[in-house]
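Asker: Input: one structure, supplied below.
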Amino acid sequence: MLYLNDFHNGKFLKVLNRAARLVPNDVKGFASLLSNVPNPSRRQVTDIIAMLDDYANDVDNGTIFNLKKS
């Protein structure tokens with residue numbers, strides 16, 4: 001999460017904290033993938049943060065597919 005946050009100097013800290021609480025494996029996974037990109041742009045990171053926010057919204061709304069329940 002801190003890796004993603006550093007690209008925007010804390011601008012998305014609340015969004016990332018919420019995502020880390022609701023979809024921690026996704027946050028870790030995307031941060032890991034992004035750390036392997038040679039020169040990630042701020043735009044790429046912003047898109048990932050937006051997607052993580054969408055995932056967190058899905059959890060809040062109960063609309064996310066949960067493999068453990070199926």
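Asker: Only one residue in Thr46, Thr63 is surrounded by fewer than 18 Cβ atoms within 10 Å (Cβ to Cβ), modelled with pLDDT of 85 or more and among the β-branched types (Val, Ile, Thr). Which one?
Answerer: Values: Thr63 fails: modelled with pLDDT of 85 or more.
Only one candidate passes the filter, namely Thr46.
Asker: What are the pairs, 6+ residues apart or on separate chains, where a residue within segment 30-56 that is without any contact (Cβ under 8 Å) to a residue 24 or more places away in the chain has its Cβ under 9 Å from a residue that is aromatic (Phe, Trp, Tyr) and assigned to a helix (DSSP H, G or I)?
Answerer: Ser32/Tyr3; Met51/Phe30
Asker: Okay, next question. Sort out which residues of segment 9-43 are surrounded by fewer than 11 Cβ atoms within 10 Å (Cβ to Cβ) and closer than 22 Å to Val59 by Cα, and write them in order of number.
Answerer: Lys14, Asn25, Ser32
The values are calculated or read from the model by the stated rules, or taken from the named source; none is laboratory data. Note that the structure is a prediction, hence the values are computed from the model and not measured. In this analysis, Cβ positions are derived from the backbone assuming ideal geometry, glycine residues included, and neighbour counts consider all displayed protein chains.
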